[in-house]
Amino acid sequence: MTRQKWQVCPTLPMEEIGRRLNSVSLSSQGKSVINPLLVQLLHNRGVEDPAEFEIFLTADERLLHDPFLLPDIEKAVTRILRALLGDELIAIYGDFDADGITATALMVEGISRLGGRVVQYIPHRQDEGHGLNSPALKALRDDGVSLVITVDCGVSGGPEIMQGRELGLDIIITDHHVTPGVPAGAVAVIDPRRPDSIYPFPDLAGVGVAYKLLEALFHKTGRHGVTEFLDLVALGTITDMVPLKGENRYLVRRGLEVLNSTARIGLQELIAIAGLEAGRLDEESIAFALGPRLNASGRMAHAVASYDLLVTSSREEARRLASELEYNNCERQRCTVEVLGRAKEILLAEGCEQPLLMVGDQDFPLGIIGVVAGRISDFFYRPAIVLQLDGDSAKGSCRSIPEFDIFSALAECGELLTRFGGHPQAAGFVVSKDNLEELNRRLLHIACRQLSGVDLRPVIRIDREIPLAGLDGDTFRTIARLAPFGKGNQVPTFLSRRVELVESRKMGVNGDHLKLKLRDGRLVWDAVAFDLGDRELCRYLDLVYTLAVESWSGREFLRLNVEDILPSN
């Protein structure tokens, strides 16, 4: 039996597909290149109006929104312009993940381009934790800073904002995390997720919000060239796994174009050390290669190394920093395997029948507990919390499943927590050890209430059931038009039934993966199935898969990436 639920999207009736095709043809004077499969795939992604097809597929400037619709942005622009005119020293206070690092680099370079005096501050994950902290604000004030602009953090830092104000600092918050209210004391709080926000697109990454502020500043000052920073926006947006819908589609697609011809020496060296080829970078290159390396410095050491890599003008320094990030990423991978194994042992010994899992240890490194929580959540398909037990307090990192809003659950327990913040699917908190048992009990109660009757198995959302013999190069070209892919716009997934297994062999050190040859009619397909080495195979199989291009000896051919297998019945 599969651990996953197969959920095939309802198929549009042919007459409805025909109607939509006809509407597109009429609106484009008969020059439409929309086909029935593309209509179905767009429908599955919520794009049902034929008038929206072209905008979704081209992902051009029409997806952009006016930055001045963001809450408090006029106040922020006015204060920053006053700082520029007064030659004030401005600090950009960022978070230590890839989203925060890219946003910090973007704001430092952008305000410098406008003639501002600007410095950066990225806190240490272990020593200072997420968000604003009072000692850092005092140090910045002692260094002559009068205006602090946060990026990818700050919206949950009400007490720290007030303390900064008492020090004589003006603070502008730019953030994208969920906030139940607007913290007092800041000059401006720019967050598309504010309860009172009228901004049409709430799903910007932290670097996306920073970009919109810079866009407003460039507009007010009559400057051009803000799109030069979109390489940073693409890096932060993809790595932070925000939905690649709406405005994010433009920011990422255009950002990939900038990234593929980037003049940033540090990124050139990072691309090379990751084994990638400039000019052929896509969303996957960021999600699985560049993003993890940028994140690794903040997880294993100090995120300032990744920031320095993004802004350096020295080839020698760029090579040194790229090597440092490569080493940190290898250590992060090794440490993750060790801690994940230990966490699974603890959970399996305790039993994993509860709808929410919590596991902690004083030896769990703070930098990787979020990664481990994500792996545990994926493996057990439960909301998962991994704790570092440190002295009198515990620091927790949460990852959840679509059926459970972990941020709202933490908010229900807010009086038990020292601080918390995040998103519905990913959050973090600090809690006194004295409150930890009660927190676990309350969260379990909430999970039991909300997940009662829910089949706690992950869902594979299948775009269409199709005979394997019906696939060809045109199918792949149709799929490619939906890029960029990511959360909210996954690579199209197909189901083919009763496919003949011609050949199979195990791959990997432990035989965890499969390499297959499959036949449907006269066509034979190569396929790989990662982490499915233990599956029962027989002559005829039902397969869920995506299509990929594989290069060999200078040639390219299609391959199936199998996501799940069942014997045909």
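Mind checking which residues of the stretch 484-498 are in a strand (DSSP E or B), out of contact with any Asp or Glu (no Cβ under 6 Å at 6 or more places or on another chain) and of a type outside the set (Phe, Trp, Tyr)?
Taking the stretch 484-498 as the starting set, the residues that turn out to be in a strand (DSSP E or B) are 486, 489, 494-498.
Right, trim to out of contact with any Asp or Glu (no Cβ under 6 Å at 6 or more places or on another chain) and you get 489, 494, 496, 498.
Selection gives ASN489, SER496, ARG498.
For the stretch 1-27, how many residues meet the condition of being assigned to a loop (DSSP other than H, G, I, E, B) and at pLDDT 90 or above?
Of the stretch 1-27, the ones assigned to a loop (DSSP other than H, G, I, E, B) are 1-4, 9-13.
Still in the list and also at pLDDT 90 or above: 9-13.
Total satisfying the criteria: 5.
Only residues in the stretch 541-569 that are assigned by TED's automatic domain parsing to the domain that holds ASP472 and surrounded by 11 or more Cβ atoms within 10 Å (Cβ to Cβ) count as the first member; pair them with residues that are of a type in the set (Phe, Trp, Tyr) and modelled with pLDDT under 85, Cβ under 9 angstrom, at least 6 apart or cross-chain, and list the lot.
VAL549/PHE557; GLU550/PHE557
Let's see how each residue does on (1) more than 30 Å from GLY367 (Cβ to Cβ); (2) in contact with a Cys (Cβ under 8 Å, 6 or more places away or on another chain); (3) among the β-branched types (Val, Ile, Thr):
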site	(1), (2), (3)
LEU85	yes, no, no
LEU89	yes, no, no
ASP95	no, yes, no
ILE111	no, no, yes
VAL118	no, no, yes
ASP127	no, no, no
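Among the listed residues ILE172, ILE101, identify the single one that is β-branched (Val, Ile, Thr), farther than 22 Å from GLY298 by Cβ and not assigned by TED's automatic domain parsing to the domain that holds ILE368.
Unique residue meeting the criteria: ILE172.
State the number of residues belonging to the stretch 354-368 that are assigned to a loop (DSSP other than H, G, I, E, B) and within 21 Å of VAL459 (Cα to Cα). I'd like the intermediate steps shown before the answer.
The first filter runs over the stretch 354-368 and keeps only residues assigned to a loop (DSSP other than H, G, I, E, B), leaving 354-356, 362-365.
Next, only the ones that are within 21 Å of VAL459 (Cα to Cα) stay: 354-356.
Number of matching residues: 3.
Within the stretch 215-243, count every residue that is of a type outside the set (D, E, K, R), out of contact with any Phe, Trp or Tyr (no Cβ under 7 Å at 6 or more places or on another chain) and under 23 Å from LEU309 (Cβ atoms).
The number of residues fulfilling the criteria is 12.
Taking the residues in the stretch 324-353 that are part of a helix (DSSP H, G or I) and among the small types (Gly, Ala, Ser) as candidates, determine which candidate is surrounded by the most Cβ atoms within 10 Å (Cβ to Cβ). Step through it out loud before you land on a result.
Filtering the stretch 324-353 for residues part of a helix (DSSP H, G or I) gives 324-350.
If we keep only those that are among the small types (Gly, Ala, Ser) too, we end up with 341, 343, 349.
On the way: GLY341: 10, ALA343: 24, ALA349: 8.
Among those that are part of a helix (DSSP H, G or I) and among the small types (Gly, Ala, Ser), it is ALA343.
What are the residues in the stretch 110-140 that are farther than 23 Å from VAL77 by Cβ and without any contact (Cβ under 8 Å) to a residue 40 or more places away in the chain, if any?
Taking the stretch 110-140 and keeping what is farther than 23 Å from VAL77 by Cβ, we get 122-131, 133-136, 138-139.
Hits for the stretch 110-140 are PRO123, ASP127, GLU128, ASN133, SER134, PRO135, LYS138, ALA139.
Quick test of your reading of the structure: LEU532 fulfils all but one of (1) part of a loop (DSSP other than H, G, I, E, B); (2) closer than 30 Å to ASP60 by Cα; (3) of a type outside the set (Lys, Arg). Name the failing condition by number.
Status for LEU532: all satisfied but (2).
Any residue at all in the stretch 422-433 that is in contact (Cβ under 8 Å) with a residue 40 or more places away in the chain and among the hydroxyl-bearing types (Ser, Thr, Tyr)? If you could, list the steps in order and put the result at the bottom.
In the first step, residues of the stretch 422-433 are kept if they are in contact (Cβ under 8 Å) with a residue 40 or more places away in the chain; the result is 422-424, 426, 428, 430, 432-433.
Pick out the ones that are also among the hydroxyl-bearing types (Ser, Thr, Tyr) and you get 432.
Yes, that holds for at least one residue.
Can you pull out every residue in the stretch 148-196 that is under 20 Å from ALA83 (Cβ atoms), among the hydroxyl-bearing types (Ser, Thr, Tyr), touching a residue at least 60 places away in the same chain (Cβ under 8 Å) and out of contact with any helix residue (DSSP H, G or I) (no Cβ under 8 Å at 6 or more places or on another chain)?
none
I'd like to check something: does the stretch 272-281 contain any residue that is assigned to a helix (DSSP H, G or I), within 24 Å of ASP127 (Cβ to Cβ) and either among the charged types (D, E, K, R) or touching a residue at least 24 places away in the same chain (Cβ under 8 Å) (or both)?
Residues of the stretch 272-281 that are assigned to a helix (DSSP H, G or I), as a first pass: 272-273.
Now narrow it down to the ones that are within 24 Å of ASP127 (Cβ to Cβ): none.
No: the stretch 272-281 contains no residue that is assigned to a helix (DSSP H, G or I), within 24 Å of ASP127 (Cβ to Cβ) and either among the charged types (D, E, K, R) or touching a residue at least 24 places away in the same chain (Cβ under 8 Å) (or both).
Are any of the residues in the stretch 467-478 touching a helix residue (DSSP H, G or I) at 6+ places or on another chain (Cβ under 8 Å) and at pLDDT 95 or above?
Within the stretch 467-478, not a single residue is touching a helix residue (DSSP H, G or I) at 6+ places or on another chain (Cβ under 8 Å) and at pLDDT 95 or above.
Looking at LEU537, LEU501 in this structure, which one is closer than 26 Å to ARG3 by Cβ, in a loop (DSSP other than H, G, I, E, B) and of a type in the set (A, V, I, L, M, F, W, C)?
Exactly one residue qualifies, and that residue is LEU537.
When you check THR493 against the structure, is it among the polar types (S, T, N, Q), closer than 30 Å to SER568 by Cα and at pLDDT below 95, yes or no?
Details: among the polar types (S, T, N, Q): yes; closer than 30 Å to SER568 by Cα: yes; at pLDDT below 95: no.
Against the criterion (among the polar types (S, T, N, Q), closer than 30 Å to SER568 by Cα and at pLDDT below 95), THR493 does not qualify.
How many residues does the stretch 297-323 contain that are assigned to a loop (DSSP other than H, G, I, E, B) and surrounded by fewer than 22 Cβ atoms within 10 Å (Cβ to Cβ)? Outline the logic, then answer.
Quick first cut of the stretch 297-323, residues assigned to a loop (DSSP other than H, G, I, E, B) only: 301-303, 312-314.
Add one more test, that the residue is surrounded by fewer than 22 Cβ atoms within 10 Å (Cβ to Cβ), and what stays is 301-302, 312-314.
Residues that pass the stated criteria total 5.
The values are calculated or read from the model by the stated rules, or taken from the named source; none is laboratory data. Bear in mind the structure is a predicted one, so any value in this text is a computation, not a measurement. Quick reminder, even Gly has a Cβ in these numbers, built from the backbone with ideal geometry, and neighbours come from all protein chains shown.
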